[in-house]
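Reading through the structure tokens given below for one structure.
The values are calculated or read from the model by the stated rules, or taken from the named source; none is laboratory data. Quantities reported herein were computed from a predicted structural model and do not represent experimental measurements. Here the Cβ positions follow ideal geometry from the backbone for every residue, glycine too, while neighbour counts run over all protein chains shown.
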Amino acid sequence: MQLLGAGHGFVGNVYPLLRGAALLDVSRREALYARCTKTLQTTAIFENGEANWPPNIDTPQPGPTKKLMQWCHGAPGVITALAADYPHGQSADMDAMLLAGGEAVWTAGPVSKGYGLCHGTAGNGYAFLKLFKRTANALWLDRARAFAMHAMAQRDAMHRQHGVGRYNLWTGDLGLAVYLWHCVAGKDGMPVLESLIELRLPVRMCGSAQRGYAPGLVHNGAQATAHASSLHQESTPHTGRTTPRTIVRARRIRRGCDVCSQREV
Ligand SMILES: [Zn+2]
């Protein structure tokens, strides 16, 4: 199986190559950029100015094609893998594709299966933070913050429903806490991949966290949440439009969020 996404596939491999592109000679670096563009153009599903990518590019099987819109499979991970290190202006096609992917992530709405990074609302929100950093267009930060508000409500609802939380980094509260803080600060570094060492929260931390590393997140999730709560007034509400079924799997919740009335995919 040939997978495409950031969690398990092509763009997950492209990401470290782009991060280290300066180590390549000019011809290999240009070839890397060209092949990234060609592969993603060839495999993208374009519709109404939006773009998403299927989980894999194998021979289609009978029945409906599985299409996902989450960091590990789909446009959010493509954007987080390329938006920071694929140079802006290198390829007009790539510039347009990344923006089209961002539009698809926004139109699809928050992720119903979770609020975390890997296949949840916070992970998709990082695509907006990356596009904000790449374009300096505040629209993307507004969208990231709208997703942050929704993710907090999802987190609270899931804790109430199950009576216990998820406390890990990649699908639980820790990842959400980092995302909320990045929405406050307007930063874009994906946890683990880019941002744990740089993270500095301006609050009193436990001993391990005074050095600015991950353990402090356990103690500062609530602080980040409190900071992020102030953003709700500034956030652009999600439109709640539905995404064409050819772009994202039709998996929707029955009603909108209690906080922001956003719909989920
Ligand atoms: Zn996942």
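Below are the figures for this structure:
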read-out: Sole exception among (1) part of a helix (DSSP H, G or I); (2) farther than 30 Å from residue 165 by Cβ; (3) of a type in the set (Gly, Ala, Ser); (4) out of contact with any strand residue (DSSP E or B) (no Cβ under 7 Å at 6 or more places or on another chain) for residue 101, by number; value: (4)
read-out: Yes/no for residue 127 being in a helix (DSSP H, G or I) and small (Gly, Ala, Ser); value: yes
read-out: Close pairs (7 angstrom Cβ cut-off, 6 or more residues apart or separate chains): at positive phi and more than 9 Å from the ligand (Cβ to nearest atom) in region 66-83, assigned to a loop (DSSP other than H, G, I, E, B) and small (Gly, Ala, Ser) anywhere; value: 74/5
read-out: Considering residues of region 80-129 that are in contact with a Leu (Cβ under 7 Å, 6 or more places away or on another chain) and under 15 Å from residue 170 (Cα atoms) only, the residue surrounded by the fewest Cβ atoms within 10 Å (Cβ to Cβ); value: 116
read-out: Residues located in region 165-190, provided they are in contact (Cβ under 8 Å) with a residue 60 or more places away in the chain and among the hydroxyl-bearing types (Ser, Thr, Tyr); value: 179
read-out: Spans of helices (runs of 4 or more DSSP H) in region 1-91 with at least 2 residues basic (Lys, Arg); value: 26-43
read-out: Given (1) buried (at least 18 other Cβ atoms within 10 Å of the Cβ); (2) over 14 Å from the mean Cα position of the chain (by Cα); (3) modelled with pLDDT under 95, index of the condition residue 7 fails; value: (2)
read-out: Residues satisfying the stated conditions in region 36-68, i.e. surrounded by fewer than 11 Cβ atoms within 10 Å (Cβ to Cβ) and within 18 Å of residue 92 (Cα to Cα); value: 42
read-out: Conditions (1) crowded, with 23+ Cβ neighbours inside 10 Å; (2) modelled with pLDDT under 95; number of the one not met by residue 144; value: (2)
read-out: Residue within region 15-31 that is at pLDDT below 95 and in contact with a helix residue (DSSP H, G or I) (Cβ under 9 Å, 6 or more places away or on another chain) present; value: no
read-out: Long-range neighbours under 7 Å by Cβ, at least six apart or interchain, first residue in contact (Cβ under 8 Å) with a residue 24 or more places away in the chain within region 37-52, second of a type in the set (Asp, Glu) and surrounded by 15 or more Cβ atoms within 10 Å (Cβ to Cβ); value: 49/103; 50/103
